[in-house]
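These notes concern the structure reproduced below.
The values are calculated or read from the model by the stated rules, or taken from the named source; none is laboratory data. Just so it is clear, the structure is predicted and the values come from calculations on it, not from any experiment. Every residue, glycine among them, receives a Cβ derived from its backbone with ideal geometry; neighbour counts consider all protein chains shown. The accessibility values were calculated without ligands, DNA or RNA, using every heavy atom of the protein model including side chains. Shrake-Rupley method; radii C 1.70, N 1.55, O 1.52, S 1.80 Å.
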Amino acid sequence: MSESVALEEVSVLAAIYCEQDEFELLEASETDGVTLKIQTHAKGRLDSEIQLKLTFHLPATYPKCPPSISVVSEELTRSQCNALKGKLLERAQELLCEPMIHELVLWIQQNLDDILGQLDVPGSDSKGTGPVDMQESRTWTMLLQLDHMRSKSKYVRTVEKWASDLSLSGRLMFMGKLILILLQGEKGRIKEYMVLQKTSKVDVDSCGKKCKEKMISVLYEAGTPKEQPRFLEFEVTEYSSLDELQKEFEAVKLGHIFTDLVLPQIR
């Protein structure tokens, strides 16, 4: 591919991805080819919005050979990003001999949900990426603290739906102004929950407009030993005293979490 042909495709891409930070030309060389970055987003599991940073290196022989591709996302694990890269490279092989970058971006936007869903199947492989990291299927416990809920009924329904859809157990806990979410389940699914929590418009701001949750803290996260008791389902509970709240933690052998991490939020 001549440099002029490469720059022609770059010009088209720059016109398509014209919003701030959407497109960046990193390098253009007749001998080394062209390197560019496109930032976009796509719908993930349960309609969450996933931000993707896609870097493409177009060698001098492109499009007779596929580009090199890098996928980065703060909402996805490294293994998930590697799987997306593998799928993009497979798709690129089907588009040889024609400009393909815009087509690849559209394809990943349209297929992201399906690809991530395939990775949830225990022991499933993504071609060229190896087996899913078994650490992602470990039982995990995470404790979150919310600063407030302006639209409480909607927020509660949303959290309950996410927990149900992701097969997570635990508690949404209210005591006075204290709001805690304790989640237990597969580590990968808890990570999915966090993606939803950070990317979905789950509450309203002071003007009543839908907004994302920006004031959430992770107080605790760790693996849960198999022999340790767990909550069997997800429930929303309001407590009238510290003793009631403490007993809830002690029921699943998390009394130390209550003492070390919850009490300091109250005092």
(message) Quick check on this structure: which one of Lys209, Lys214, Lys191, Lys247 is basic (Lys, Arg) and either closer than 20 Å to Ser167 by Cβ or in contact with a Ser or Thr (Cβ under 8 Å, 6 or more places away or on another chain) (or both)?
(response) Lys191
(message) I need the full set of residues from the stretch 28-55 which are modelled with pLDDT of 80 or more and touching a Phe, Trp or Tyr at 6+ places or on another chain (Cβ under 9 Å), in order please.
(response) Gly33, Val34, Thr35, Leu36, Lys37, Ile38, Gln39, Thr40
(message) Name the residue that is modelled with the lowest pLDDT, counting only residues in the stretch 128-155 that are over 17 Å from Ile190 (Cβ atoms) and surrounded by 15 or more Cβ atoms within 10 Å (Cβ to Cβ).
(response) Thr129
(request) Please verify whether the stretch 92-104 includes one or more residues that are in contact with a Gly (Cβ under 7 Å, 6 or more places away or on another chain), farther than 24 Å from Leu196 by Cβ and either exposed (fewer than 15 other Cβ atoms within 10 Å of the Cβ) or small (Gly, Ala, Ser) (or both). (result) no
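Identify, please: which residue in the stretch 204-247 is among the polar types (S, T, N, Q) and assigned to a strand (DSSP E or B) and is, among those, least open to solvent (accessible area, probe 1.4 Å)?
Thr237
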(request) List the number of the failed condition for Val5; all other conditions in (1) at pLDDT below 90; (2) within 24 Å of the chain's Cα centre (by Cα) hold. (result) (2)
(request) For residues that are outside any loop (DSSP other than H, G, I, E, B), touching a Pro at 6+ places or on another chain (Cβ under 9 Å) and either hydrophobic (A, V, I, L, M, F, W, C) or surrounded by 18 or more Cβ atoms within 10 Å (Cβ to Cβ) (or both), tally how many sit in the stretch 37-78. (result) 2
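What residue, of Leu13, Leu25, is crowded, with 17+ Cβ neighbours inside 10 Å, more than 23 Å from the chain's Cα centre (by Cα) and not acidic (Asp, Glu)?
Testing whether each residue is crowded, with 17+ Cβ neighbours inside 10 Å, more than 23 Å from the chain's Cα centre (by Cα) and not acidic (Asp, Glu) leaves just Leu13.
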(request) Of the numbered conditions (1) under 17 Å from Tyr17 (Cβ atoms); (2) touching a helix residue (DSSP H, G or I) at 6+ places or on another chain (Cβ under 8 Å), Asp113 fails exactly one; give the number of that condition. (result) (1)
(message) Cβ-Cβ distance below 9 Å, separation of 6 or more or different chains: which pairs start in the stretch 74-88 with a residue that is over 15 Å from Lys191 (Cβ atoms) and at pLDDT 85 or above and end on one that is small (Gly, Ala, Ser) and crowded, with 23+ Cβ neighbours inside 10 Å?
(response) none
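Considering only residues that are assigned to a helix (DSSP H, G or I) and among the basic types (Lys, Arg), look in the stretch 163-199 and name the one that is least open to solvent (accessible area, probe 1.4 Å).
The selected residue is Lys187.
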